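Data block below; observations after.
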Ligand code: SAM
Ligand code: SF4
């Protein structure tokens with residue numbers, strides 16, 4: 001469907017939990033995280049109803065996220081059921097990889113079309129420091145299983161942190177030499193715990209310099225206009241996969257934004273940085289029939305804000321939710 005600015009909304013990111021088995025400094029506080037009570041989190045049945053409406057409105061691609069989506073019980077069967085919603089063509093998932101050793105194969109067998117795995121470092125100490133958990137061995141195992149699983153679309157997402165993980169860029173990018181995957185550098189956003197973490201994001205130009213010094217020229221393959229998403233992609237001589245860059249702040253891509261988000265407690269968020277949206281859980285639990293549900297979602301999406309207004313101070317619509325509450 002089109003929103004008020006004529007953007008074609010075809011993609012929804014659905015958070016299935018705000019819980020997580022890591023505590024990445026830029027995303028979650030170390031302690032005192034108040035998880036949503038289970039009763040307020042949408043059930044799989046409720047999400048499937050919403051997915052049915054989204055498909056009727058022309059949304060074809062869903063991404064399951066969190067928190068860490070793989071900590072929610074029954075996720076494999078949920079993927080299977082989402083895939084069978086008429087009109088939904090692609091179901092993808094974003095994960096920290098901790099549970100992929102066990103779940104990569106079953107998820108792909110259930111029909112999962114793609115996995116984005118977040119990985120900022122291959123160094124055990126840095127991993128424990130960034131995520132506040134000593135789980136790199138599980139993540140490495142998960143990555144191996146993912147690469148063996150036959151998953152059609154694998155992306156590795158790194159947040160470049162100045163003075164922290166520069167030494168990891170080449171090692172992680174190197175995986176795209178031997179595997180047909182995309183390794184993407186995603187800029188740190190001023191959301192949630194980013195400021196409190198003390199981390200500073202690294203400009204993509206610096207990331208590119210580091211990679212070019214190691215691997216030679218990055219050759220442009222797909223621009224943002226061509227991908228229809230926030231990433232631009234490059235190839236490197238001898239690599240099977242590609243390198244991507246996402247810098248929402250440096251290169252605003254709001255005019256081609258094609259997505260909306262649902263929090264785990266059923267709030268339809270129209271923009272990452274805005275609190276504008278619709279309480280879909282309320283509608284569901286007040287007994288809205290499918291027609292009312294679809295019409296309400298359609299009207300809300302139509303109102304999607306023009307842009308993220310990250311640069312605007314005093315923006316009263318800025319959302320105070322943290323990244324683990326939104327799903328990235
Ligand atoms: N737990 C899963 C994971 O880590 O992939 C899914 C949810 S997590 C919130 C989704 C993505 O958000 C991760 O790739 C993480 O690196 C990213 N993220 C969290 N806080 C961020 C921030 N302040 N700036 C940029 N990316 C952030
Ligand atoms: Fe958990 Fe993902 Fe946030 Fe890290 S980025 S704390 S893995 S939700």
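Taken together, the values in this text are just the output of simple stated rules run on the coordinates, not laboratory data. These figures come from a predicted structure and were not determined experimentally. Here the Cβ is made from the backbone with ideal geometry for all residues, glycine too, and neighbour counts use every protein chain on show.
Sorting 28-37, 7-16 by average packing, meaning the other beta carbons within 10 Å per residue, from highest down gives 7-16, 28-37. Bridge orientation summary for the chain: considering DSSP beta bridges with both residues in this region, about 30 percent are antiparallel. Debye-formula intensities of the range 11-326, expressed as log10 I(q)/I(0) at q = 0.09, 0.15, 0.16 Å⁻¹, are -0.44, -1.35, -1.56 (one equal scatterer per alpha-carbon, no solvent).
Counting every other Cβ atom within 10 Å of each residue's Cβ, 275, 296, 255 order from fewest to most as 255, 275, 296.
I'd like the orientation of helix 290-302 relative to the chain: the angle between its Cα long axis and the longest Cα principal axis, in ° from 0 to 90, rounded to 10. For 290-302 against the chain, the angle is about 50 degrees. So for the range 72-206, what percent of the C-alpha to C-alpha distances run longer than 24 Å? Tail of P(r) above 24 Å: 34 percent of Cα pairs.
Under a GNM of the chain (C-alpha, springs under 10 Å), which listed residue has the highest mean-square fluctuation: 17, 263, 40? Judging by the Gaussian network model, the answer is 40.
Relative to the longest principal axis of the Cα atoms of the chain, the long axis of helix 204-215 makes an angle of roughly 40 degrees.
For the chain, the 222 nm mean residue ellipticity estimated from helices alone, with every DSSP H stretch of n ≥ 4 adding -39500 (n - 2.57) and the total spread over all residues, rounds to -9000 deg cm²/dmol. Computed across the range 142-292, the Kirkwood hydrodynamic radius from all distinct Cα-Cα pairs reaches 17.7 Å. Calculate how steeply helix 100-109 sits against the longest principal axis of the alpha-carbon atoms of the chain, using the helix alpha-carbon long axis, and give the answer as 0 to 90 degrees to the nearest 10. The two axes meet at around 60 degrees. Along its principal axes, the range 1-75 has C-alpha extents of 42, 28, 18 angstrom, given from the largest down. Fewest neighbouring Cβ atoms within 10 Å first, the residues 38, 179 line up as 38, 179.
Can you give me the Rg/Rh ratio for the range 1-146, using Cα atoms for both radii and the Kirkwood formula for Rh? Radius of gyration relative to Kirkwood radius: 1.00. Counting neighbouring beta carbons within 10 Å and listing from fewest to most, the residues 324, 44, 233 come out as 44, 233, 324.
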